Amino acid sequence: MRPDILNPLFAEVRAMKGVGPGLAKPLEKLGLVRIKDVLYHFPASWTYRKAVQRLDIADVGCNIILAVTVMDHRSSGSARAPLRIYGSDAEGNYITLTFFGRNGGWARKQLPIGEARIVSGKLDRYGDELQMVHPDHIVAVGEAGAPGLAEPVYPLSEGLTNKRMGQLATAALESVPELPEWIEPSLLAARNWAGWHAALNQVHHRDDMANRDRLAYDELFSNQLAMRLVRAAMDQRKAVPISGTGALVDRLQLPFALTGAQQRVIAEIDGDIAQSRPMLRLLQGDVGAGKTMVALRALLRAVEAGMQGAMLAPTEILARQHFEGLQKLLAGLPVNIAILTGREKGKLREATLMGLADGSIHILVGTHAIFQEAVTYKALALAVIDEQHRFGVSQRLMLSRKGRGVPHLLVMTATPIPRSLALAAYGEMDSSQIDELPPGRTPVETRVISQERLPEIVDGVARHLASGKQAFWVCPLVEESENSDLAAAEQRAEMLRLRFGDQVAVVHGRMKGPEKDAVMERFILGETRLLVATTVIEVGVDVPNASLMIVEAADRFGLAQLHQLRGRVGRGAEKSVCLLIRSAQIGETARARLALMRETNDGFRIAEEDLKLRGAGELLGTRQSGDSPFRVATPEQVRELIGVAADDARLLLDRDGGLAGPRGEAARLCLYLFERDAGIATLRGG
Ligand code: ADP
Ligand code: MG
């Protein structure tokens, strides 16, 4: 049970004062559901302003704060022309406040003629005039909420303003208590770190990186602690050693020879599962490296030994693809394979549950449903978790309650974890790499092309579709701001429909699971031919006929993400192309990043570079949205912090053998805070 002191952190944002349904949605889009999500939604940057008395000596191009007296409202009468509001400073210098679009009515009310207002925004020159387009703050003199000299800039979504986001963060901070300190006092002192509450307060209210380290450390510490707890708990309990007879594996008819890398990894796994020490192994291999085959071999070993295996996929569609693929490969073998997802209901579900309980089903493929309470296995000996590079501690623990002993565990991921981080971050796991693609693959050709050439790109798509093939078109989510110029999937789909009609399908993150699955299935079946998507297609779908991947505003994606997207094509015999559309104007770094994508297909190299460019937060899989506390940290700094966290976690557990004592109690809070609490249950033998 979560300690009561944390309850305010887990309260829903919706329950906050002043958060109506109108705000809940944009917040949810950013993944901000609970108070703690808001607290950990950090500013991405800061705006600095200069207080200006006299416009005639103010710097054009700067953000300023200014008191103006409103002189006049003028609009040309045309709906398209902006509203211009004229004002002057105390010395009589003029400025035009310009409002485009439908903001006119609102602006007139905010800026009544003859009255004084404090406004802030960027000072521009427009012809001979000084102007400010859409001031970011307008307040009456002496009123609360006046713009500050420095203001955090938050990642936003449509319907959520920066000002509102700042208010929410402040309110969230006020609603949560200080927590007992879990960091070793000497470490806290040596690093000059503030307490948890003060550190969060600083992140939101001061442009000061000092305490981001501390917050990053908290998360790393909780990870290390949870991993240690899990490893310790697994080591205490025995797994059933699996010694296969070869009866099934040797009869498996494969249309190809296994690569050297696959053989090596299979041998590593066979060695592990033959032990009574539970396997805890991370298998990394680029998209298309053939991880499924490795998993199948291991699952068959379990079946040969008279036990069961399960494979968890992250989505319904992937589960189905795995199920169908494995079923084909297993044809003719005396192996009974079944699928279980949220969709299997009624009699079918009952039958599967019975088969698992009596052992007549040997291999189960599915989504999270496969580890739910109601699912009982006769003898689960091996679990494979696909496309998962988060720690997955909770799945691991759900599993540990499923078998006679603890099942052996194989976690597979196509998101390469940079070698430089893997050891530190996953020290408690053994790791295997498939660093070789099956022969005969034509590497995906990557091209970078400017957004300005969109018409040509669309022509290219037309030729591609006309030849009977399919394509993906990925648009980034509109997240940055209301005025964002990023192409939303819906809008893009609309444009493409004008040309390609109902060959176009669209899938995005706001769709509900079944709705999304239905769209994906039609595309997999070839009923639709151009799939316009936000990054929801990122993970694992296999559509061999899709040999063109277009990524719009590619410069806004992380490299690892682009690599994943690119991996969606190049799955058939066909030569595949990945078109990275870049914004018309991009900087040097962005250019270099895209060039790297063109240059290499090596996921590990890309991951290393990505790490250098972005910091490690996302790679560690701990951030859903917002800014990573690692933003400014170098990989070396992150590695060092992980090392400290690992040592600290070890010391704490070794000394107390658990989470006893005041610091142990505090560390428990840290685990709960980052939802690694499943580790505690294991410790109790749960
Ligand atoms: P991933 O590692 O991305 O999960 P998959 O296991 O889905 O990759 O394999 C991708 C494709 O490569 C599948 O169609 C699979 O049948 C094929 N494949 C796997 N191993 C080999 C091999 N050794 N030689 C040729 N093709 C292979
Ligand atoms: Mg796969």
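The values are calculated or read from the model by the stated rules, or taken from the named source; none is laboratory data. What you are looking at is a predicted structure, and each value in this text was computed from that prediction instead of being measured. In this analysis, Cβ positions are derived from the backbone assuming ideal geometry, glycine residues included, and neighbour counts consider all displayed protein chains. With ligands, DNA and RNA removed, areas are computed over all heavy atoms of the protein, side chains included. Shrake-Rupley method; radii C 1.70, N 1.55, O 1.52, S 1.80 Å.
Of all segments of the chain bounded by chymotrypsin sites (Phe, Trp or Tyr not before Pro) found in a DSSP loop with no more than 14 other C-beta atoms within 10 Å, the longest spans 257-686.
The residues neighbouring residue 54, those whose beta-carbon lies less than 15 Å from its own, together hold a net charge of -3 under the Lys/Arg +1, Asp/Glu -1 convention. Could you let me know the centre-to-centre spacing of region 291-352 and region 545-609, using Cα atoms, in angstrom? For region 291-352 versus region 545-609, the Cα centre distance is 32 Å. Backbone phi angles across region 124-140, fed through the Karplus curve with coefficients 6.51, -1.76 and 1.60 (θ = phi - 60°), yield HN-Hα couplings of 10, 10, 10, x, 8, 8, 8, 9, 9, 8, 6, x, 7, 9, 9, 9, 6 Hz in residue order; Gly and Pro are listed as x. Under the criterion of Cα pairs below 8 Å and six or more residues apart, the relative contact order for region 1-132 equals 20 percent.
The alpha carbon gyration tensor of region 22-104 gives principal lengths a ≥ b ≥ c with a/c of 1.5 or higher and a/b no greater than b/c, which makes the shape oblate.
For region 163-172, the Karplus equation 6.51 cos²θ - 1.76 cosθ + 1.60, evaluated at θ = phi - 60°, returns couplings of 4, 4, 4, x, 4, 4, 4, 5, 5, 4 Hz by residue, with Gly and Pro reported as x. When both region 441-468 and region 63-126 are represented by their alpha-carbon centers, they are found 45 Å apart. Proximity of backbone amide H atoms, modeled 1.01 Å from N, is registered between residue 576 and 445 at under 5 Å, excluding neighbours fewer than 5 places apart on the same chain. Per residue, the average separation of C-alpha pairs within less than 8 Å and at least 6 apart gives the chain a relative contact order of 14 percent.
Rolling a 1.4 Å probe over the heavy atoms of the protein chains gives region 1-146 an accessible area of 54 Å² per residue. Specify the inter-centroid distance of region 136-155 and region 20-39, based on alpha-carbon positions, in whole Å. Computed from Cα coordinates, the inter-centre distance equals 22 Å.
Helix 454-466 versus the longest principal axis of the chain: what is the Cα-based angle in degrees, 0 to 90, to the nearest 10? For helix 454-466, the angle is close to 30 degrees.
Of the solvent-accessible surface of the chain, computed with a 1.4 Å probe and all protein chains present, 50% belongs to carbon and sulfur.
Considering only alpha-carbon pairs that sit under 8 angstrom and 6 or more positions apart, the relative contact order computed for region 227-381 is 26 percent.
The C-alpha atoms of the chain define a longest principal axis, and helix 603-614 lies at about 30 degrees to it. Secondary structure note: in the chain, about 35% of the DSSP beta bridges are antiparallel.
A rounded overall shape is assigned to region 241-396, the ratio a/c of its alpha-carbon gyration tensor axes (a ≥ b ≥ c) being less than 1.5. For residue 137, the residues whose modelled amide H falls within less than 5 Å of its own, excluding neighbours fewer than 5 places apart on the same chain, are 120.
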